[in-house]
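This report concerns only the one structure given below.
The values are calculated or read from the model by the stated rules, or taken from the named source; none is laboratory data. Every value quoted in this text rests on a predicted model; they were computed, and no experiment measured them. Here the Cβ positions follow ideal geometry from the backbone for every residue, glycine too, while neighbour counts run over all protein chains shown.
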Amino acid sequence: MNDLRPVPAADMHAPSPAPEAALVRAYVGLGANLGEPVAQLNGALAALAALPATRVAGVSSLYRSAPVGYLDQPDFYNAVAALDTALSPQALLAALLDIERRGGRERAFRNAPRTIDLDLLLYGAQTVSEPGLTVPHPRLGQRAFVVQPLAELAPQCVVPGAGEVRTLLAAVAAQPIERIGALQPPA
Ligand code: ADP
Ligand code: MG
């Protein structure tokens, strides 16, 4: 006999988090400066939207800035995405590194040009400190190309150990960065 009871909403979408799994608001920094940076960022955003048990809750404007560290390379393009996810911080980082790999990134040397860089900036109010994963991202507060888009998206979001994101803006105000448009939100 058919079972005609309604399907609980949490079971309707596959893959879906277990009903008891709470979604955590995480923030991911996206960066690119080689090839076609804007196309690569849009591709990475679409890949984030396709992650299991994860929804893109918002995306900042697109920003452009001059490179820091190794200066002889093209301008950087950056944005920040807000995710609601049931993935653990470790699983989310693994997914980000996988998207980077598929995006063709090669790590030649520190601060080298890259086709796509995805950083786990924040994972709710949690801190993580283990080999290969530090959350909040250790250099979050030092970089205008992270602080600016994050403050645009979530000015009152709290960075564990540092306070509200908007209070970090002053420290990076001297770094030139330009808001140049929007990424293409994934369909
Ligand atoms: P950066 O983004 O600071 O320029 P990389 O992307 O080259 O540096 O750093 C890559 C490594 O940093 C990854 O292999 C990853 O294990 C480690 N890492 C530690 N914490 C994080 C984090 N919060 N987000 C992204 N990568 C991280
Ligand atoms: Mg990175």
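For segment 51-63, state whether one or more residues are among the basic types (K, R), buried (at least 16 other Cβ atoms within 10 Å of the Cβ) and in contact with a strand residue (DSSP E or B) (Cβ under 9 Å, 6 or more places away or on another chain). Give the steps one after another, and end with the answer.
Looking only at segment 51-63, we keep the residues that are among the basic types (K, R), and these are 55.
Pick out the ones that are also buried (at least 16 other Cβ atoms within 10 Å of the Cβ) and you get none.
Within segment 51-63, none of the residues are among the basic types (K, R), buried (at least 16 other Cβ atoms within 10 Å of the Cβ) and in contact with a strand residue (DSSP E or B) (Cβ under 9 Å, 6 or more places away or on another chain).
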Checking the condition away from ligand 1 (no atom under 12 Å from the Cβ) and out of contact with any helix residue (DSSP H, G or I) (no Cβ under 9 Å at 6 or more places or on another chain), which residue from G181, G141, G161 passes?
G161
Please enumerate the residues belonging to segment 124-138 that are buried (at least 19 other Cβ atoms within 10 Å of the Cβ) and either in a helix (DSSP H, G or I) or more than 8 Å from ligand 1 (Cβ to nearest atom) (or both).
none
Quick one: is L51 in contact (Cβ under 8 Å) with a residue 60 or more places away in the chain and either more than 26 Å from P131 (Cβ to Cβ) or of a type in the set (A, V, I, L, M, F, W, C) (or both)?
no
Quick check on segment 27-38. Is at least one of its residues modelled with pLDDT of 95 or more, touching a strand residue (DSSP E or B) at 6+ places or on another chain (Cβ under 6 Å) and more than 14 Å from ligand 1 (Cβ to nearest atom)?
no
Inspect segment 96-113 for any residue being surrounded by 21 or more Cβ atoms within 10 Å (Cβ to Cβ), modelled with pLDDT of 95 or more and in a helix (DSSP H, G or I) and give the result as yes or no.
yes
For segment 47-64, which positions are over 15 Å from R101 (Cα atoms) and outside any loop (DSSP other than H, G, I, E, B)?
A49, T54, R55, V56, A57, G58, V59, S61, L62, Y63, R64
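Quick one: would you say A81 is within 16 Å of ligand 2 (Cβ to nearest atom), farther than 23 Å from L168 by Cα and of a type in the set (A, V, I, L, M, F, W, C)?
Values: within 16 Å of ligand 2 (Cβ to nearest atom): yes; farther than 23 Å from L168 by Cα: no; of a type in the set (A, V, I, L, M, F, W, C): yes.
For A81, the condition - within 16 Å of ligand 2 (Cβ to nearest atom), farther than 23 Å from L168 by Cα and of a type in the set (A, V, I, L, M, F, W, C) - is not met.
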